[in-house]
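So the structure is just underneath, and the comments pick up after that.
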Amino acid sequence: MSTFIEHLRVLRATLLRLLLTPNATLLNVLIIGIALSLPVGGYVILKSVQSLTGQLTGTPQISVFIKVGTGAGEVTRIGDKLKQNAKIERVEFVPRDVAFKKLQQSTELSDVIGDLSQNPLPDAYIVYPKATDASAMESLRDELKTWAQFDHVQLDSAWVHRLEAVLGFGRLAVGILAGLLSFALIAITFNTIRLQILTRRDEIEVAKLIGATDAFIRRPFLYFGLAQGLLGGVAAWLIVSGSVFLLNHYLGDLASVYASEFSLLSLSIADSATLLGFAAYLGWLGAWFSVSQHLWQIEPR
Amino acid sequence: MIQFNQVYKRYPGGHEALRDLSFEITEGEMVYLTGHSGAGKSTLLKLIAAIERPTSGSVLVKGQNIRSIKREAIPALRRNIGLIFQDHKLLFDRSAFDNVMLPLQIGGFDHRESAKRARAALDKVGLLAREKANPISLSGGEQQRLCIARAIVNRPAILLADEPTGNLDSDYANEIMHIFKSFHQVGVTLVISTHAENVLTQFPARELHLKQGALL
């Protein structure tokens, strides 16, 4: 019946305690916020780069360039032959005229290309293989290279693979960082709560003597750890979102110079909720460890 | 209500605080625990409140054996026991009123009901006018009475008082003994440790006299 009211009372007391020592609270929240913002920032960068690779090439592909001067009938025949290959998922034909027009439109190179009196580009096929792992792609490339009609066979996925590897490395690094700094958060909370327990030792001892359960004694400290962790999470969110906003402002200028649309992604609602929930949970956990350890020490003998 | 059977309490290091104690205190009884300091009075009270466990023998409080009571069962037991400490153990970070509220918060009582009860307890010990005062500003006698108010506020069946009149002059001591007497009259079981002769003569009751941890 009054359990809910009791929880409200403890929550109110906890918030008052946080406000009563604004300097200590601010400092702790800031430390937690900074500690959390590092892995979260890393995550944002990774996610942004990852979305960039997605934009560029959805699936790995092989470009084959047909020798200049090959007749239209022959080009079609080559296309059919490619389509019949069991290792190939589908084939896309890029006629030399279309490729030339695209090139003329696309970049600053158009000045140079405009001067060309004739189209230097060959007809090309873009081959999408069934198996997209590096070794299968390489063996297909080698097979296509043996065809006499091809001038050049290019595997476009190599850099994607390399980037994937780098991203994988980055993910691991962010994971390790997150793990370590989570421990830091737990340790910070553990210590804060330890100090609180020391100053409230009398209260705990008296409460125990007059029949308080462990849960009753733990509750305010758990709330405190939870609230502090949550505020730390909010601080981390503000740090990351603020940084992303500032960086994107400058990235915009930078990217436009390189005709790129790269920008850092801001934290999604799900990401934000995860961050806050995780921070609150870690704070709670640190408080729980601390109280559990010290409850035994305070135990009246 | 309280039953000791061949109780021994030995501390690490070999000191034997209680030796072969066997006695019974029935419901509603008022009993004095007498003897010199160091005779084992405080230890005996601690056993009843499950603050310590006996080394051997059984201590039964309301049917529960303190020697084997589970840690989780202790809070419920203590809520039935009002403890009055020689050093009061009041909390100086809150008002007298909030000190008395603590047992009710622990018991999970409704706030309005709790406030009513807390004021009634403060009134009973004559401290209603000082409810907003910090305990540190109260005199020794007032602090002792505040400790009593806290002990009785959730209407325990047993009251344990460790030297409640120890540091007080006789006027204050009498006041406090009158309060105890009134609890005895409403059926509360009282165990009071004391070595004040005047208290024993003015408010006579059964005496358990301890000497070097044994009952005389």
Counting all Cα-Cα pairs in the range A:14-97, those more than 20 Å apart amount in percent to 66 percent
If the reach is capped at under 21 angstrom between alpha carbons, list the lysines near B:K124, excluding any in the same chain fewer than eight residues apart. B:K89, B:K116, B:K132, B:K181
Using only the Cα atoms, what convex hull volume per residue in Å³ does chain A have? 187 Å³
Hey, rough spin-label estimate for A:A131 and B:D20, points 7 angstrom out along Cα→Cβ, what's it come to in nanometres? 9.1 nm
Determine, from the Cβ-Cβ distance of A:S117 and A:E74 and an R0 of 35 Å, the FRET efficiency 1/(1 + (r/R0)^6), rounded to the nearest 0.05. 0.90
Helix-only [θ] at 222 nm, chain B, -39500 (n - 2.57) per DSSP H run of 4+, per residue, nearest 500, equals -10000 deg cm²/dmol
Calculate the FRET efficiency for B:A133 and A:I269 from the Cβ-Cβ distance with a Förster distance of 56 Å, rounded to the nearest 0.05. 0.65
Reachable lysines from A:K67, criterion Cα separation under 17 angstrom, eight or more residues apart if same chain: A:K81, A:K145
Kindly provide the pair-distance distribution of the protein assembly as shown built from C-alpha pairs, with 10 Å bins from 0 and whole-percent values in order of increasing distance. 3, 14, 17, 14, 11, 8, 8, 7, 6, 6, 4, 2, 0
Percent of C-alpha pairs per 5 Å bin, the range B:63-216, short to long: 2, 9, 18, 20, 20, 15, 10, 5, 1, 0
Determine the percent antiparallel among the DSSP beta bridges restricted to chain B, to the nearest 5. 45 percent
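Among B:100-109, B:32-41, what's the highest-first ranking by average C-beta atoms within 10 angstrom per residue?
Numbers: B:100-109: 21.7, B:32-41: 19.8.
Going by the mean number of other Cβ atoms within 10 Å, highest first, we get B:100-109, B:32-41.
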Counting only DSSP beta bridges with both partners in the protein assembly as shown, the antiparallel fraction in percent, to the nearest 5, comes to 65 percent
Helix A:3-20 against the longest principal axis of chain A: what's the angle in degrees, Cα atoms only, rounded to the nearest 10? 80 degrees
Could you tell me, in Å, what Rg and Dmax come out for the Cα atoms of the range A:62-156? 14.5, 42
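Find the percent of Cα-Cα distances in the range B:91-151 that exceed 18 Å, and round it to a whole number.
Within the range B:91-151, distances greater than 18 Å cover 23 percent of Cα pairs.
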10 Å Cβ neighbours from other chains, averaged over peptide B:82-90: 2
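How many Cβ atoms of partner chains, on average, are near each residue of A:208-221 if near means within 10 Å of its Cβ?
Mean number of neighbouring Cβ atoms from other chains: 5.
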Under a crude label model (7 Å from the Cα following the beta-carbon direction), how far is A:A148 from A:R171 in nanometres? 4.6 nm
Going through the range B:1-60, which GluC sites (Glu not before Pro) have at most 14 other Cβ atoms within 10 Å and a DSSP loop state? B:E27
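Using 0.36 nm times the number of residues separating B:E207 and B:D110, minus their current alpha carbon distance, what extension gain do you get?
Fully extending the segment from B:E207 to B:D110 adds 31.0 nm.
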To the nearest 10 degrees, the tilt of helix B:111-124 (Cα long axis) against the first principal axis of the alpha carbons of chain B is 80 degrees
Modelled label reach - B:K62, point 7 Å along Cα→Cβ, the range B:148-182 residues with backbone N closer than 12 Å: B:154-159
Expected integer from the mean partner chain Cβ neighbour count at 10 Å over B:100-108 is 4
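Here, each number is a calculation from the coordinates, and none is a lab measurement. Since the structure is predicted, the reported quantities are computational estimates derived from the model, not experimental observations. Cβ atoms come from the backbone with ideal geometry, glycine included; neighbour counts cover every protein chain shown.
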